[in-house]
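No lab work stands behind these numbers, since they all come straight from the coordinates. Quick caveat: nothing in here was measured; it's all calculated off a predicted structure. Reconstructed Cβ throughout: ideal geometry from the backbone, glycine too, with neighbour counts over all protein chains shown.
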Amino acid sequence: MSTSSLRQLIASARLLPVVIIDDPGRGVALARALQRGGLTAIEVTLRSDAAFTAAEAIIAACPELLVGIGTVTRAGQIARAVDIGARFAVSPGFAPALVEVAREHALPYLPGVCTPSEILQAFNLGLDTLKFFPAARAGGVAALTELAAVFPDVAFCPTGGIDESNLAEYLALANVCAAGGSWLAPAAQIRAGAWDEIEACSRRGAAIALASPSARTGE
């Protein structure tokens with residue numbers, strides 16, 4: 001697993017919709033709505049029994065979309081993510097054992113951290129790109145600004161409490177390579193098949209990401 005390739009993957013997307021899919025039959029329609037809105041990635045969370053089936057269908061139907069598996073908490077979930085062709089995996093927290101399993105499978109892995117101690121542990125295991133979660137409760141933009149001074153080589157993908165109102169603030173930070181959240185495709189809208197609404201929200205998010213300083217400069 002290359003940490004540089006993980007950062008490049010996440011940074012290329014800039015926005016990571018974090019989705020819960022209860023009905024696997026809605027996965028492809030959701031993915032296509034996100035793509036029409038200008039997004040290039042999706043994190044299918046393991047918060048429903050349909051998650052792996054939906055993710056596998058999306059991978060088959062939308063090969064150009066960067067599909068990851070989220071809410072990974074067990075080693076077997078990493079192995080299954082690899083089996084279905086997922087491009088990366090995301091966890092809500094940090095566990096050294098899962099880092100090792102992801103390395104064994106050569107799967108780009110984004111563990112969650114929210115304290116300097118967790119960041120330090122992850123960095124000493126060779127990880128320089130991490131999920132900052134829950135971002136708002138862990139201090140938000142102010143916390144990430146302070147962390148940049150002591151972890152200058154670490155980049156973050158913050159999630160949790162991010163939406164259209166504050167997305168630009170996060171993406172403007174030099175140590176933020178991307179941002180994620182469920183606001184781009186809320187579970188209720190997915191259940192209702194509100195693809196036009198999801199597309200419109202995605203389009204607004206993509207516009208904010210495109211206008212962010214890092215996106216303009218390629219940093």
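Among all positions in region 147-159, there is at least one residue which is acidic (D, E), more than 30 Å from R204 (Cβ to Cβ) and in contact with a helix residue (DSSP H, G or I) (Cβ under 9 Å, 6 or more places away or on another chain). Taking the conditions exactly as written (in contact (Cβ under 8 Å) with a residue 40 or more places away in the chain, farther than 21 Å from I59 by Cβ and out of contact with any Pro (no Cβ under 7 Å at 6 or more places or on another chain)), does P111 satisfy them or not? So P111 fails the test. Does L16 satisfy the condition of being under 27 Å from E104 (Cα atoms) and in contact with a Phe, Trp or Tyr (Cβ under 8 Å, 6 or more places away or on another chain)? No: the conditions fail for L16. Scanning region 94-106 for residues that are in contact (Cβ under 8 Å) with a residue 40 or more places away in the chain and within 28 Å of R137 (Cβ to Cβ) yields a single hit, A102. State yes or no: is G193 of a type outside the set (S, T, N, Q) and more than 18 Å from G68 (Cβ to Cβ)? In short, yes. Go through the residues of region 169-190 one by one and say whether even a single one is farther than 15 Å from A41 by Cα, β-branched (V, I, T) and more than 15 Å from the chain's Cα centre (by Cα). Yes: one or more hits.
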